[in-house]
Amino acid sequence: MRLVIVGAGFAGMYAALSAARLRDIEGVSPEELDIALVSPEPVLVIRPRLYEPKPETLTAPLQEVFDAVNVTYVQGSVEAIDTNACTVGIRDAKGEQKSFQYHRLVIATGSRLFRPNIPGLAEYGFSVDNIDDAKALDRHLKELAKLPASAARDTVVVAGAGFTGIEAATEMPSRLRALFGEDAGTRVIMVERGGAVAPDMGEEARPIIEAALRELGVETRVEAGVASLDRSGVTLSTGEHIEAMTVIWAAGMRANPLTTTIPGERDKSDRLLVDACLRVPTVPGVFATGDAARAACDGNGNYALMSCQHATRMGAFAGNNAAAELLNVPMRPYHQEAYVTCLDLGEAGALFTRGWDRKVEMVGETAKATKREINTVWIYPPMPERAAALASADPEQVTKL
Ligand SMILES: Cc1cc2nc3c(=O)[nH]c(=O)nc-3n(C[C@H](O)[C@H](O)[C@H](O)COP(=O)(O)OP(=O)(O)OC[C@H]3O[C@@H](n4cnc5c(N)ncnc54)[C@H](O)[C@@H]3O)c2cc1C
């Protein structure tokens, strides 16, 4: 029997570990149940940190962790899924194609930034969505440092004032000063189509974010969209033109397009709708998890967000349940009642809220210490040691906050 997991993000990694944990508990050998994970590289990309400098350091190795728990790592990208024949078509790094049979499949292919068809965006827009884009932005900023100071060189526009946009914008003043010098006339401007920054953060948290932006000198333009980009900068829907050689697009995510090849229902972000055990109801044997799935977190109408926090725990439940179906033991319905947000605010500290109504629990340096702990310890893979790695993937314990 073979369980195939597609994707080595937070969800895929925990799906593999959790399936291996259940296999171990049930006393089943890796020969009887092969757990195979397919991804382009055997690394976890630490996506939540990609707004930081040195993005090339923001991956963690996975091969040793998988070896420690007898998970078969398969290098490549899944290009096609045949849910009738129960096969995945994989293209490896050399361009060679192979087909892999599965008995259960977990789709954990994550999400990617959605870039609308705005003139100039594809050519001139940067992002912090994936490691290649983050490296390209970092290289670009270092190249700018070699140019003479000018309004365009010294100005960064961040489009989208959600979580990612805020973290990218609030990190930028110190990042620019380090590159352009303390006295450079740097400007960071956030552009938001809605009526306020941090549209999802609520009335208690938003003033804290707005105060942080003021403290850092980050300007905002609300009720303004990006109309076009060109070499000189960006033109907003309000008619304002901002000279800027750096425009970071941080508005809107979609599930990885592989989800569209599964004959199941999807939400407006292309996430597959899943049942309580994270199965795609219309396709036997297929589970979806992490950013690729829309799952209810509780009985109160809350649904998992595209977040590391949800992806990690959803991954552990999906892997456990896919293995449980094969081993004929009861599955565990996914549930995640606790929800926190920890938003980095650059040199202005951080903001920690608890609950779906986002009650502010910590601000400033205290919240920043927690953010550091989350970003440098909690979200990293477990040690490549069998017992510890298996124990880390108990679905009921993963991201218990
Ligand atoms: C800048 C930034 C800041 C963020 N900050 C936070 C935060 O503070 N808190 C938080 O909770 N979340 C945050 N997030 C969101 C978080 O990173 C994602 O929700 C999380 O990475 C989702 O995990 P995942 O495993 O579902 O997908 P991903 O981490 O995207 O992993 C997907 C995996 O699938 C692989 N893959 C994709 N396509 C294929 C294919 N065809 N074949 C094989 N493999 C494939 C990829 O290579 C990757 O290994 C942030 C994201 C960004 C970009």
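For the reader, a short list of remarks on this structure follows.
- The residue that is farthest from HIS103 (Cα to Cα), counting only those in segment 263-283 that are outside any loop (DSSP other than H, G, I, E, B) and open to solvent by 30 Å² or more (accessible area, probe 1.4 Å), is ARG266.
- ALA350 vs. criteria open to solvent by less than 20 Å² (accessible area, probe 1.4 Å), outside the structural domain of VAL197 (by TED's automatic domain parsing), of a type outside the set (Asp, Glu) and touching an Asp or Glu at 6+ places or on another chain (Cβ under 6 Å): yes
- Search result, residues across segment 198-230 that are of a type in the set (A, V, I, L, M, F, W, C) and within 26 Å of GLU243 (Cα to Cα): ALA198, ILE209, ALA211, ALA212, LEU213, LEU216, VAL218, VAL222, ALA224, VAL226, ALA227, LEU229
- Failed item in (1) away from the ligand (no atom under 14 Å from the Cβ); (2) open to solvent by 60 Å² or more (accessible area, probe 1.4 Å); (3) under 30 Å from ALA323 (Cα atoms), with SER392 passing the rest: (2)
- Pick from segment 245-261, criterion open to solvent by 20 Å² or more (accessible area, probe 1.4 Å) and not small (Gly, Ala, Ser), ranking: nearest to the ligand (Cβ to nearest atom): ASN256
- Tallying residues that are farther than 27 Å from ALA36 by Cβ and open to solvent by less than 30 Å² (accessible area, probe 1.4 Å) within segment 98-117 yields 1.
- Hey, GLY185 surrounded by fewer than 20 Cβ atoms within 10 Å (Cβ to Cβ) and under 15 Å from LEU236 (Cβ atoms) or not: no
- Among the candidates PRO53, PRO48, PRO42, the residue that is within 15 Å of the ligand (Cβ to nearest atom) and open to solvent by 50 Å² or more (accessible area, probe 1.4 Å) is uniquely PRO53.
- Set side by side, the residues ALA85, ALA80 differ, and just one is in contact with a Gly (Cβ under 6 Å, 6 or more places away or on another chain) and of a type in the set (Gly, Ala, Ser), which is ALA80.
- Those residues of segment 16-39 which are near the ligand (Cβ under 9 Å from one of its atoms) and touching a residue at least 60 places away in the same chain (Cβ under 8 Å), in sequence order: VAL38
- Within segment 327-368, restricting attention to residues that are within 14 Å of the ligand (Cβ to nearest atom) and small (Gly, Ala, Ser), the residue that is farthest from ALA161 (Cα to Cα) is ALA338.
- The residues of segment 58-89 that are under 22 Å from GLN101 (Cα atoms), touching a residue at least 60 places away in the same chain (Cβ under 8 Å), near the ligand (Cβ under 10 Å from one of its atoms) and of a type outside the set (Val, Ile, Thr) amount to a single one, ALA80.
- Residues located in segment 284-309, provided they are open to solvent by less than 10 Å² (accessible area, probe 1.4 Å), within 11 Å of the ligand (Cβ to nearest atom) and without any contact (Cβ under 8 Å) to a residue 40 or more places away in the chain: ALA304
- Conditions (1) part of a strand (DSSP E or B); (2) outside the structural domain of ALA85 (by TED's automatic domain parsing); (3) open to solvent by less than 20 Å² (accessible area, probe 1.4 Å); number of the one not met by ASN375: (1)
The values are calculated or read from the model by the stated rules, or taken from the named source; none is laboratory data. These figures come from a predicted structure and were not determined experimentally. Every residue, glycine among them, receives a Cβ derived from its backbone with ideal geometry; neighbour counts consider all protein chains shown. Keep in mind that these areas ignore ligands, DNA and RNA; they rest on the heavy atoms of the full protein, side chains included. Shrake-Rupley method; radii C 1.70, N 1.55, O 1.52, S 1.80 Å.
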